[in-house]
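Colleague: Mind looking over this structure? Questions follow.
The values are calculated or read from the model by the stated rules, or taken from the named source; none is laboratory data. Keep in mind it's a predicted model, so treat the numbers as computed, not measured. Please note: Cβ atoms are built from the backbone with ideal geometry, for glycine as well, and neighbour counts cover all protein chains shown. In case anyone asks, the SASA skips ligands and DNA or RNA and just uses the protein heavy atoms, side chains included. Shrake-Rupley method; radii C 1.70, N 1.55, O 1.52, S 1.80 Å.
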Amino acid sequence: VDEEIRAVLAAHGRLAVDVASLGDDDDLYELGLSSYASVRVMLALEERFQVEFPSEMLRRRTFSSLGAIREALFVLTGASKP
Amino acid sequence: VSSDGLEEERAGFRDALLGARILLASDAKGVYLRSATFEAVVAGIDRLVSEAASEEVDDRLYLPLVVARSLLERSGFLASFPDLVGAIWGFLAGEASFAELLAALDSQGDWTSQLEATELALCPAGCHPLYPALRGVLHKERRVEAFGQAFRHEPSNDLARMLTFRQHEVVYVGSPQGAVAHRDGWVARAKSLLGGLGLDTEPVVASDPFFGRLGALLASQQEDEALKIELVANLAPRVAPMALASVNCHRDHFGRAFGIVRANDEPAHSACVGFGVERIALALFAAHGLEPRAWPGSVRERLGL
């Protein structure tokens, strides 16, 4: 899952750093994730994981770090944590 | 008071303004003819804003209501608020299609199918035409007073949502710190200016009405970063709480979109304060009554009435 999230961030996040070096809790907004980039990331995650983010998850913090995105995807896909 | 009661009170305020011919309804919902009485109040508000801005601004510009259609694309307005946009269409086909246009008119048919999109659109936010005009390298920070005009397509009988309205703005373009300081300084100055007119307002962290499901994410981000602060007057029950001014920090959004760069090659940051002069006038009529001659002396004096 992490690798797929990294791939989405690399393609759509326009971050100032190499996504391979991202830590779990690194703040993506501080690393250059813009509002519009976060929308593109969200759409790409929905397509890749075949999920739909409900309105209560459409918050800044949902996309604030690699770990936060993984948590959200676990909730949406109903998968258990590794 | 029941919500029906509030609705009635608000409709009553609109009827009272129309009855006193302070505003006159037109055939288009949300579009009004304005009396000299209304405009004298607006002129007074404009003068007060100009006075408050006079020490800091280095330029004063009067901005157009019509803009290049491409401005909507580059500013991001179309992607964020497609439902509010007004694009201008015209009859471009020439004489060959003229007969069809006339035939459609004669039969009371759909003549709009003869129209095509032009390169023009209505300006969606007061200060937007300013940014393309600032393209290039900024050798020092700029503070520009701008008389902006805006159109947003949201027809209603709510007087606070006129389809065209004016935004008297003070725009800052320069450094990130300067933009934040501009926002923070103007929250207090705008509150004080409005307070001097007997209008009590509260600063409220707000978001723009971004469109749809994706818009919810953008609005959440705008609120988390307190990028938009509105000065909201509560004039219940005659009018619903409404924002009379808003202070916005754009970060480097317009600097990037319109190629405004600082001497250090970084995109410029910007911020603006916008006074909704029609709304402030409405709030004055709601707070002090329909007859400006009877308003408190200090308010009349400040407005030059």
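Colleague: Consider B:Pro241 carefully, then state whether it is of a type outside the set (A, V, I, L, M, F, W, C) and out of contact with any strand residue (DSSP E or B) (no Cβ under 7 Å at 6 or more places or on another chain).
Modeller: no
Colleague: State yes or no: is B:Glu100 touching a residue at least 12 places away in the same chain (Cβ under 8 Å) and either outside any strand (DSSP E or B) or within 14 Å of chain A (Cβ to nearest Cβ) (or both)?
Modeller: So B:Glu100 passes the test.
Colleague: What's the number of the condition B:Gly30 fails, among (1) within 30 Å of B:Lys140 (Cα to Cα); (2) surrounded by 12 or more Cβ atoms within 10 Å (Cβ to Cβ); (3) under 17 Å from the mean Cα position of the chain (by Cα)?
Modeller: In the conditions (1) within 30 Å of B:Lys140 (Cα to Cα); (2) surrounded by 12 or more Cβ atoms within 10 Å (Cβ to Cβ); (3) under 17 Å from the mean Cα position of the chain (by Cα), B:Gly30 misses (1) alone.
Colleague: For residues that are out of contact with any His (no Cβ under 7 Å at 6 or more places or on another chain) and within 14 Å of chain A (Cβ to nearest Cβ), tally how many sit in segment B:251-268.
Modeller: Selection size over segment B:251-268: 6.
Colleague: I need the full set of residues from segment B:165-202 which are open to solvent by less than 60 Å² (accessible area, probe 1.4 Å), farther than 18 Å from B:Val49 by Cβ and in a strand (DSSP E or B), in order please.
Modeller: Result: B:Val173, B:Gly174.
Colleague: Of all residues in segment B:138-164 being within 16 Å of B:Ala263 (Cα to Cα) and open to solvent by 30 Å² or more (accessible area, probe 1.4 Å), which is farthest from the chain's Cα centre (by Cα)?
Modeller: Within segment B:138-164, the match that is farthest from the chain's Cα centre (by Cα) is B:His139.
Yes/no per residue for (1) hydrophobic (A, V, I, L, M, F, W, C); (2) free of Cβ contacts under 8 Å to residues at least 40 places away in the same chain; (3) surrounded by 14 or more Cβ atoms within 10 Å (Cβ to Cβ); (4) under 29 Å from A:Ser35 (Cα atoms):
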| site | (1), (2), (3), (4) |
| --- | --- |
| B:Gly86 | no, no, yes, yes |
| B:Gly90 | no, yes, no, no |
| B:Glu95 | no, yes, no, no |
| B:Ala121 | yes, no, yes, yes |
| B:Pro132 | no, no, yes, yes |
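Colleague: Given the residues B:Ala294, B:Ala240, which is the only one that is farther than 30 Å from A:Leu43 by Cα, away from chain A (no Cβ under 14 Å) and open to solvent by less than 50 Å² (accessible area, probe 1.4 Å)?
Modeller: Unique residue meeting the criteria: B:Ala240.
Colleague: Return a yes/no flag: does segment B:67-82 have any residue that is assigned to a strand (DSSP E or B) and either away from chain A (no Cβ under 14 Å) or open to solvent by 80 Å² or more (accessible area, probe 1.4 Å) (or both).
Modeller: yes
Colleague: Quick one: in segment B:214-235, of everything that is of a type in the set (Gly, Ala, Ser) and either closer than 30 Å to B:Gly289 by Cα or open to solvent by 20 Å² or more (accessible area, probe 1.4 Å) (or both), which residue is farthest from the other protein chains (Cβ to nearest Cβ)?
Modeller: In this case the residue turns out to be B:Ala233.
Colleague: I would also like to ask the following. Go through segment A:34-72 residue by residue and tally those that are open to solvent by 10 Å² or more (accessible area, probe 1.4 Å) and either at the interface with another protein chain (Cβ under 10 Å from one of its Cβ atoms) or not in a helix (DSSP H, G or I) (or both).
Modeller: Within segment A:34-72, residues that are open to solvent by 10 Å² or more (accessible area, probe 1.4 Å) and either at the interface with another protein chain (Cβ under 10 Å from one of its Cβ atoms) or not in a helix (DSSP H, G or I) (or both) number 19.
Colleague: Right, something else. Among what's in segment A:13-33 and is in contact with a Leu (Cβ under 8 Å, 6 or more places away or on another chain) and hydrophobic (A, V, I, L, M, F, W, C), pick the residue that is surrounded by the most Cβ atoms within 10 Å (Cβ to Cβ).
Modeller: By that ranking, first place goes to A:Leu33.
Colleague: On to the next question. For segment B:251-305, please list each of the helices (runs of 4 or more DSSP H) lying entirely inside it that holds at least 2 residues being within 30 Å of B:Ser70 (Cβ to Cβ).
Modeller: Output list reads B:253-257, B:277-288.
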